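The values are calculated or read from the model by the stated rules, or taken from the named source; none is laboratory data. Values in this document were obtained by computation on a predicted structure and should not be read as measured data. For neighbour counting, all protein chains shown are included, and Cβ atoms are generated from backbone atoms with ideal geometry for every residue, glycine included.
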Ligand SMILES: Cc1cc2nc3c(=O)[nH]c(=O)nc-3n(C[C@H](O)[C@H](O)[C@H](O)COP(=O)(O)OP(=O)(O)OC[C@H]3O[C@@H](n4cnc5c(N)ncnc54)[C@H](O)[C@@H]3O)c2cc1C
Ligand code: FES
């Protein structure tokens, strides 16, 4: 119902007062194409002038509250500086995750050279009646599955949505498990992605503790362990990854854990109560993030890995060594170039013997040696290989009614001219969003550049693109805690970028990768070259 004369009456008969116009700043402070943020009462408001007109939306990202004015504006889309969610600044609409919610939006008026804003209400999605009789089933309520369910409702799907998970918890922030949650510093309420009432309010049937064991493509149904089944008109499978287990003596002792689910994290945290020595097996992302969190709990932490420099395969030796130094300064002890040979203990773990014969005392062992895609049902239906589920650019499998997204999906990737499978949170969410639209009939191809971040201590490193191998790395800035940007080249082609605190340049480089534009090695290293100007070149 539109506002009139400053008041309106809602459907319950309550008289509602129109929000007041709030003074923000003088018009001259808002320059064309340069986002600026102002405090208006308790709210932070972002102002953006586009083609002369000023637009206003909330100034903080709805994911982890990053300051949006530090992001990159391309056209009317602003990319969040921290984990690269995108929003439309003219409407506040969330365009792509990891943020899930839209930004608050405001009406703007300019009077006598002063900018005023007042809150506006977002219109409810228009239901699509043609979808009313349909049932869309989503197996997996992680990053991809949750994003898909939300997108379906937000974009008007009016039929039945079943969001199924084998876990007891409603969708939660999995990346946080190895970070603040494990360190014990996550605020209550950070972990669930949505409130308990969110799903029922949107008529999304969230089915927890329901493991799907069979997919029957002929009759279009999925079957649970208890033999009950659900029919689908479209199915999205987003079953994620399963941690690899160590195949050495003692790996089934009490106190040896993997970290994938909230239950895993809770079990580790419970086991830490009487622990002093933790051995982390695996010097990749989960291992290093866990090490950083556990050191913050005052524990003695050793990291074991076969590589000489952690994460050198991804970031290169220079950044890998810098990261390792960061951990060592905090007290993490590295045992690299070795493998675990045996875990010893009577019933509980007591020590880990390494391949060089050395022995590390251990009360808790965390194994972070990678994951394999969970494709059991799809394999038996003939839709998946061990390496994942091949899908087309609409995330559709070889069966017309079945889609796949997230850690299990092998998705076409133009820069490498092949399908790739990545294990990144924001990618899984974007794929879930895309698959939902495809299930409703959209024919737009999926065209995202992979993106991930890793948080270790107070350092958050971002990475976009995919360079499974590279022959040269270009750097902007020295690799140090003060910030840098690195570009990964193979045969003179930029394949990926990584950054610490170089958010706007990093986003520009990601946009360049997405647009398939070229940046020479020399241009990348030359700090006088503004990467933002190369996006549209
Ligand atoms: C500790 C940790 C930290 C991470 N940190 C980062 C990070 O910092 N940045 C980043 O980019 N990525 C990070 N990741 C990776 C990221 O979380 C994954 O890429 C992402 O969760 C994949 O999403 P998904 O939807 O494919 O699968 P998941 O999120 O794993 O969800 C899978 C879902 O499928 C369900 N399921 C599986 N089998 C069945 C079945 N048979 N029946 C019913 N339900 C089933 C599960 O219960 C779950 O609900 C991290 C991962 C972990 C474990
Ligand atoms: S804080 Fe904006 S995407 Fe994470």
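Filtered by the rule that a residue be assigned to a helix (DSSP H, G or I), closer than 19 Å to residue 512 by Cβ and in contact with a strand residue (DSSP E or B) (Cβ under 9 Å, 6 or more places away or on another chain), segment 407-453 gives 415, 416, 426, 427, 430. Those helices (runs of 4 or more DSSP H) of segment 279-336 in which 2 or more residues are at pLDDT 95 or above, in contact with a helix residue (DSSP H, G or I) (Cβ under 9 Å, 6 or more places away or on another chain) and farther than 29 Å from residue 266 by Cβ occupy 312-315, 317-330. The set of residues in segment 115-130 being closer than 21 Å to residue 91 by Cα and in contact (Cβ under 8 Å) with a residue 24 or more places away in the chain consists of 115, 116, 117, 118, 119, 122, 125, 126, 127. Looking across segment 253-275 at every residue that is in contact with a helix residue (DSSP H, G or I) (Cβ under 8 Å, 6 or more places away or on another chain) and part of a helix (DSSP H, G or I), the one that is farthest from residue 362 (Cα to Cα) is identified as 262.
Considering segment 68-85, and only residues there that are away from ligand 1 (no atom under 16 Å from the Cβ) and not in a loop (DSSP other than H, G, I, E, B), the residue that is surrounded by the fewest Cβ atoms within 10 Å (Cβ to Cβ) turns out to be 70.
Residues that are buried (at least 21 other Cβ atoms within 10 Å of the Cβ), under 21 Å from the mean Cα position of the chain (by Cα) and closer than 15 Å to residue 235 by Cα within segment 376-423 comprise 389, 391, 395, 403, 404, 405, 406, 408, 409, listed in sequence order. Looking only at residues that are out of contact with any strand residue (DSSP E or B) (no Cβ under 7 Å at 6 or more places or on another chain) and modelled with pLDDT of 95 or more in segment 101-128, which one is farthest from residue 168 (Cα to Cα)? Result: 112. Taking the stated definitions as given, is residue 508 surrounded by 14 or more Cβ atoms within 10 Å (Cβ to Cβ), touching a residue at least 40 places away in the same chain (Cβ under 8 Å) and in contact with a helix residue (DSSP H, G or I) (Cβ under 6 Å, 6 or more places away or on another chain)? So residue 508 passes the test. Using beta carbons and a limit of 6 Å, which pairs, at least six apart or on different chains, have the first residue in segment 419-431 and closer than 17 Å to residue 454 by Cβ and without any contact (Cβ under 8 Å) to a residue 60 or more places away in the chain and the second one outside any loop (DSSP other than H, G, I, E, B) and within 8 Å of ligand 1 (Cβ to nearest atom)? Listed pairs, sorted by first residue: 424/452.
Every condition in (1) within 12 Å of ligand 1 (Cβ to nearest atom); (2) in contact (Cβ under 8 Å) with a residue 40 or more places away in the chain; (3) touching a helix residue (DSSP H, G or I) at 6+ places or on another chain (Cβ under 8 Å) is met by residue 388 except one, and the failing one is (2).
When the residues of segment 86-100 are narrowed to those that are in contact (Cβ under 8 Å) with a residue 40 or more places away in the chain and more than 16 Å from ligand 1 (Cβ to nearest atom), which ends up nearest to residue 173 (Cα to Cα)? Looking at residues that are in contact (Cβ under 8 Å) with a residue 40 or more places away in the chain and more than 16 Å from ligand 1 (Cβ to nearest atom), I get 89. Among the residues of this structure, residue 65 counts as one that is within 12 Å of ligand 2 (Cβ to nearest atom), exposed (fewer than 15 other Cβ atoms within 10 Å of the Cβ) and within 19 Å of the chain's Cα centre (by Cα).
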